[in-house]
Amino acid sequence: MRLRQVAEDSVAVADTPTGTVLVDATCPHRGGLLRHGHVDRAGTRLVCPLHHSAFSLSDGTQLSGPACRALRVRHQM
C-alpha cells in the first residue's frame, strides 16, 4: 500500500480493495502523522505510528488502540 500526503489535512491510501481512499492527515487520538502509518496487507486498516491505533479504511471505525473518535475516510471515485 502506498501512503502519500496530498494536502495539509489529507493523506491518500492507494491500492485498497475499494481503490484510493483519503483519510485525515493526523490520528484523532494524539495527532500522529498518518503518512508514516502502516496499512495491512489486505488494505483494509491503517495503523497510526505513534500509539498504534488502528482504523478501518472502509468507514474509519477505530478497531484497536487508545480510545478516540473515528477517522474521517473519503473514497475517491
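The values are calculated or read from the model by the stated rules, or taken from the named source; none is laboratory data. Because the structure is predicted, anything quoted here is derived from the model rather than measured. Virtual Cβ from ideal backbone geometry, glycine too; neighbours counted across all protein chains shown. Side chains included, ligands, DNA and RNA excluded: accessible areas come from the protein's heavy atoms. Shrake-Rupley method; radii C 1.70, N 1.55, O 1.52, S 1.80 Å.
In region 52-60, the condition of being among the polar types (S, T, N, Q) and out of contact with any Gly (no Cβ under 9 Å at 6 or more places or on another chain) is met by at least one residue. Given the criteria open to solvent by 20 Å² or more (accessible area, probe 1.4 Å) and either in contact with a Pro (Cβ under 8 Å, 6 or more places away or on another chain) or not in a loop (DSSP other than H, G, I, E, B) (or both), does LEU71 qualify? No; evaluated as a whole, the condition is false for this residue. Scanning region 1-44 for residues that are surrounded by fewer than 12 Cβ atoms within 10 Å (Cβ to Cβ) and touching a Gly at 6+ places or on another chain (Cβ under 7 Å) yields ASP15, PRO17. The number of residues in region 25-36 being more than 12 Å from HIS52 (Cα to Cα) and touching a helix residue (DSSP H, G or I) at 6+ places or on another chain (Cβ under 7 Å) comes to 2. Within region 21-33, residues that are over 14 Å from LEU63 (Cβ atoms) and free of Cβ contacts under 8 Å to residues at least 60 places away in the same chain reach partners that are acidic (Asp, Glu) and open to solvent by 10 Å² or more (accessible area, probe 1.4 Å) with beta carbons closer than 6 Å, at six or more positions or on different chains, in the pairs ALA25/ASP9.
Hey, any hits in region 1-20 for a residue that's modelled with pLDDT of 95 or more and of a type in the set (S, T, N, Q)? Checked against the condition, which is being modelled with pLDDT of 95 or more and of a type in the set (S, T, N, Q), region 1-20 yields no hits at all. Residues in region 31-65 that are under 8 Å from the mean Cα position of the chain (by Cα) and assigned to a loop (DSSP other than H, G, I, E, B): GLY37, CYS48, LEU57, GLY60.
Among the residues of region 48-77, those identified as out of contact with any His (no Cβ under 7 Å at 6 or more places or on another chain), touching a residue at least 40 places away in the same chain (Cβ under 8 Å) and under 14 Å from HIS29 (Cβ atoms) are ARG69, ALA70, LEU71, ARG72. The residues in region 52-62 that are open to solvent by 20 Å² or more (accessible area, probe 1.4 Å) and in contact with a Lys or Arg (Cβ under 6 Å, 6 or more places away or on another chain) can be counted, and the count is 0.
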